[in-house]
Amino acid sequence: MSVTAKEIREHIARARAAGQKGDLLRCLKCLRNASAGLVDNKVFGREKFEIESLLVEALRDLNRMRTMQRVLPQGVHYVRGKEARLHSKLAHLYAKLKEAIDRACLEKMRQRMLTLDETLLAAQEQLKNKDYLEARKLFRRAADHFPDQPGLLSDIGTRMLMGGLVQEAVEYLRRGLEQNARDERGHSSLIMCYEVLGMAEKVEEAIKNAIRQLGPREDLYLRLGKVALQRRNWSTALNVAEAVLKKNPLNVEARKIRAKARPKVYGNGSPTSASTKPAGATASARKGKSYNLDM
């Protein structure tokens, strides 16, 4: 691919900027690209003289970098007419350095994940031994040291829930859902927390939020119907049950919810009986949100 003299100068400028920031890898990459432009293109006259001067200065900056002095003490130098050799050397150095950096990053990531796993397992062991104070400290340490780890807060919250620290689990689960509103496990665990705490209103709110984020799902609608029965919200329970049965007429749980809610809404369990009641009373009894379970 043809590269203009202007583009070669831009590569060199980027290399010098990277060198000033101590970014050896980017500096090598830009110099590699600049030298490739010299190999593949015939630049003559004043433009070539200017590029050669800029390249010599950039290579001088490169050779001054501390890491470069350790890797290649003799440095890299430009020799007129040997552009291909220079490009080959820069490309080789860039490839080797990138490989070493990638390997070091991978090892660092492995060590980081190992530390996280060990912290979570230690916290789990403290929960098992009912040392709740130490378990809280370890979970807090994991959350503070690994704030960007996807799903960690929901994982901690679920572990706390299973270990009996239900109230504390709510904090982690809510924060986890703020980071990822579509975390299915986070929604399920938060709903369970509120159920264990006996907070029916919060259970209903959490289920509705899960439906908004995860979409209309049969299992969530059934949980909403059950908590609506518990709260004597008969119209919601009936609407949810009918929405489920519209898609799955054989759903046993939805039939049970409908059987319990229908008499409370219609009086004797039959919608047709609504015609014998005053129109205003019937409308008032059925007033509520309708649900559409579009699976």
Relative contact order computed over the stretch 5-105 (Cα-Cα under 8 Å; 6+ residues apart), in percent: 33 percent
Estimated FRET transfer efficiency (residue 253, residue 117; beta-carbon r; R0 45 Å; 0.05): 0.75
Assigning unit charges at the beta carbon (Lys, Arg +1; Asp, Glu -1) and nothing else, what dipole magnitude in debye, to the nearest 20, does the stretch 150-245 show about its Cα centre? 120 debye
What is the pair-distance distribution P(r) of the stretch 5-105, computed from all Cα-Cα distances in 10 Å bins starting at 0, with each bin given as a whole percent? 16, 53, 26, 5, 0
Helical contribution to [θ] at 222 nm, DSSP H n ≥ 4, -39,500 (n - 2.57), averaged over the chain, rounded to 500: -25000 deg cm²/dmol
Counting residues in the chain as N, plug N into 2.2 N^0.38 Å and put the Cα Rg over that result. 1.74
Report in % the part of the accessible area of the stretch 215-264 that belongs to carbon and sulfur, leaving out ligands and nucleic acids; probe 1.4 Å. 48 percent
In Hz, Karplus ³J(HN,Hα) per residue of the stretch 207-219 (6.51, -1.76, 1.60; θ = phi - 60°; x = Gly, Pro): 5, 5, 5, 4, 5, 4, 8, 9, x, x, 10, 4, 5
Determine the dipole magnitude for the chain: charges of +1 sit on the beta-carbon of Lys and Arg, -1 on that of Asp and Glu, nothing else is charged, the reference point is the Cα centre, and the result goes in debye to the nearest 20. 480 debye
Taking only protein heavy atoms and a 1.4 Å probe, what accessible area per residue, in Å², does the chain have with all protein chains in place? 59 Å²
Which whole-number percent gives the relative contact order of the chain, counting Cα pairs below 8 Å spaced six or more residues apart? 9 percent
Between residue 137 and residue 175, what FRET efficiency follows from the Cβ-Cβ distance if R0 is 22 Å, with the result rounded to 0.05? 0.80
Run a plain Debye calculation on the stretch 125-255 (Cα atoms as equal point scatterers, no solvent) and give log10 I(q)/I(0) at q = 0.21 Å⁻¹, rounded to two decimals, same order as the q list. -1.12
What FRET efficiency comes out for the pair residue 148/residue 231, r = Cβ-Cβ distance, R0 = 51 Å, nearest 0.05? 0.85
Could you run the Karplus curve 6.51 cos²θ - 1.76 cosθ + 1.60 with θ = phi - 60° over the stretch 47-58 and give me ³J(HN,Hα) per residue in whole Hz, x for Gly and Pro? 4, 5, 4, 5, 5, 4, 5, 5, 5, 4, 5, 5
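The values are calculated or read from the model by the stated rules, or taken from the named source; none is laboratory data. The shown structure was predicted, so the numbers you read here are calculated from the model rather than taken from an experiment. Reconstructed Cβ throughout: ideal geometry from the backbone, glycine too, with neighbour counts over all protein chains shown. For the accessible areas, the whole protein counts, side chains as well, though only heavy atoms, and no ligand, DNA or RNA atoms are used. Shrake-Rupley method; radii C 1.70, N 1.55, O 1.52, S 1.80 Å.
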